[in-house]
Amino acid sequence: YADVIILTSEDPRSESVEEINNEIKSGIMDRNKVLEISDRKKAIETAIKMAKKGDFVIVTGKSHEKSMNYGQGEVAWDEYGVVKKALKAI
C-alpha cells in the first residue's frame, strides 16, 4: 500500500545489491513505485526529503545493528544517527 518503495543495501556482503533488489522487485506488483538507491544513507535521506506532511517513512532492517557489511568486513553504522541528521536537514 506504499506510495513509494525505496530499495537499498542491507548487509549485502559479497552479493550484488542490484541482484538482491531485482529479486525483491520481482515480488512487487507495481514496480513504478520503486526507487533503487544502493547507498543506504542516501536512500534514507531521499525518503525523508520526499515525505510530505501526513506521510510515514518506514526504515526497516538495520536500526538495531551497529555495523554494515559490504563484503570486506564490518563498517560502523548508526541508522538512528542517519535518520536524525536527515530530519534536522529538512
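The values are calculated or read from the model by the stated rules, or taken from the named source; none is laboratory data. Computed from a predicted structure; not experimentally measured. Neighbour counts run over all protein chains shown; Cβ positions are idealised from the backbone, glycine included. Heavy atoms of the whole protein, side chains included, go into the accessibility calculation; ligands, DNA and RNA do not. Shrake-Rupley method; radii C 1.70, N 1.55, O 1.52, S 1.80 Å.
Hey, among the residues in the range 27-39 that are open to solvent by 40 Å² or more (accessible area, probe 1.4 Å) and more than 12 Å from the chain's Cα centre (by Cα), which one's modelled with the lowest pLDDT?
Here the answer is Arg31.
List pairs: first in the range 55-82 and within 21 Å of Glu15 (Cβ to Cβ) and open to solvent by 40 Å² or more (accessible area, probe 1.4 Å), second part of a loop (DSSP other than H, G, I, E, B) and of a type outside the set (Ser, Thr, Tyr), Cβ under 6 Å, 6+ apart or cross-chain?
Gly71/Arg13
Any residue at all in the range 58-67 that is among the β-branched types (Val, Ile, Thr) and assigned to a helix (DSSP H, G or I)?
no
Answer yes or no: is there a residue in the range 9-26 that is in contact with a Lys or Arg (Cβ under 9 Å, 6 or more places away or on another chain), open to solvent by less than 50 Å² (accessible area, probe 1.4 Å) and small (Gly, Ala, Ser).
There is at least one residue in the range 9-26 that is in contact with a Lys or Arg (Cβ under 9 Å, 6 or more places away or on another chain), open to solvent by less than 50 Å² (accessible area, probe 1.4 Å) and small (Gly, Ala, Ser).
Any idea which of (1) touching a helix residue (DSSP H, G or I) at 6+ places or on another chain (Cβ under 8 Å); (2) buried (at least 16 other Cβ atoms within 10 Å of the Cβ); (3) hydrophobic (A, V, I, L, M, F, W, C); (4) not in a strand (DSSP E or B) is the one Ala43 doesn't satisfy?
(1)
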